[in-house]
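Novice: Pasting a structure below so you can have a look.
Read-outs throughout are calculated quantities, based only on the coordinates presented, and are distinct from any laboratory measurement. Quick caveat: nothing in here was measured; it's all calculated off a predicted structure. Here Cβ is always computed from backbone atoms with ideal geometry, including for glycine, and neighbour counts include all displayed protein chains.
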Amino acid sequence: MEQREIKFRAWDKEAKKMRYWDQINQYPMYHLNDDHVDHMQYTGLRDAKGVEIYEGDIVRGCGGEQHPRQVIWRTGYPGWAFYAQKADGFETGFGISDDPQRPGVEIIGNIYENPELLK
């Protein structure tokens, strides 16, 4: 069975700022409830530039298609897949390839700081 790193980031609703794992661990537990933050789990995958992919990220290049999609969740396929949806709600599963002839996905933003990318 595949082992992957389990970590989260969180959108701080009050500060309107993304908080990453090392920052989250510094907050008191009461601040980490759903009233203060929206949690997003790391998929265990990286985009074509090596950036970690989290739920809530907006990516393009899924299946060679350039329409931006929001990362929804990681699938059970070992090491390579996640689900993403377009603004119209259409969901599809996508894999990440190491094949240089088939470029991988690229993170272009996230749903909190760049919601206009899904329009």
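Novice: Name every residue in the stretch 107-119 that is surrounded by fewer than 17 Cβ atoms within 10 Å (Cβ to Cβ) and within 16 Å of Leu45 (Cβ to Cβ), in order of residue number.
Specialist: Ile108
Novice: Please determine, by comparing only the residues of the stretch 10-26 that are within 15 Å of Gln41 (Cα to Cα) and of a type in the set (A, V, I, L, M, F, W, C), which one is surrounded by the most Cβ atoms within 10 Å (Cβ to Cβ).
Specialist: The first filter runs over the stretch 10-26 and keeps only residues within 15 Å of Gln41 (Cα to Cα), leaving 10-12, 18-25.
Of the ones still in play, those that are also of a type in the set (A, V, I, L, M, F, W, C) are 10-11, 18, 21, 24.
On the way: Ala10: 23, Trp11: 19, Met18: 18, Trp21: 14, Ile24: 17.
Checking each candidate, the answer is Ala10.
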